[in-house]
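Heads up: the structure comes next, in C-alpha cells.
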Amino acid sequence: MQVTTKQGQNIFDIAIQETGNVENAIAIASKSDIGITDALALETVLSIPDDIEVDIKVKNYYDRKQLKPATDTTGFSQDGIEFWGIEIDFYVN
C-alpha cells in the first residue's frame with residue numbers, strides 16, 4: 001500500500017494515520033528508503049509494508065474522523081504578533 005503526504009506531515013504522522021501505531025514509523029521509513037528524521041516534501045509517496053501490524057481501533061478512529069495529523073513545524077514561519085516580545089520587537093509608549 002502507498003500513501004501520499006500532506007503539508008506538514010512527518011513519518012510519525014503517517015504511521016499513526018495509516019497503522020494506528022507510531023512505532024511502525026521505522027518499518028515505513030525502511031520500506032520507503034528514507035530516514036525517520038527526514039523532512040517530507042508535500043505529496044511524498046511512502047510505502048506501507050504489507051505485513052505491518054495495524055491497531056485497527058486507532059486506524060478506524062482516524063479514518064472515521066478523517067484525521068490527517070501534521071505535526072512537522074519545520075516548514076512554517078514563526079512570525080507575527082503572537083511571537084513578538086515587548087521592547088524587543090516593538091515598544092509600548
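Please treat every number below as a calculation from the coordinates, not as lab data. Only a predicted model underlies this, so the values are computations on that prediction, with no experimental measurement involved. Glycine also receives a Cβ, built like all others from the backbone with ideal geometry; neighbour counts cover every protein chain displayed.
If ILE16 meets every condition in (1) assigned to a loop (DSSP other than H, G, I, E, B); (2) closer than 15 Å to PRO69 by Cβ apart from one, which number is that one? Going through the list (1) assigned to a loop (DSSP other than H, G, I, E, B); (2) closer than 15 Å to PRO69 by Cβ, ILE16 breaks only (1). If you go through region 33-58 and pick out every residue that is β-branched (Val, Ile, Thr) and surrounded by 15 or more Cβ atoms within 10 Å (Cβ to Cβ), you end up with 5.
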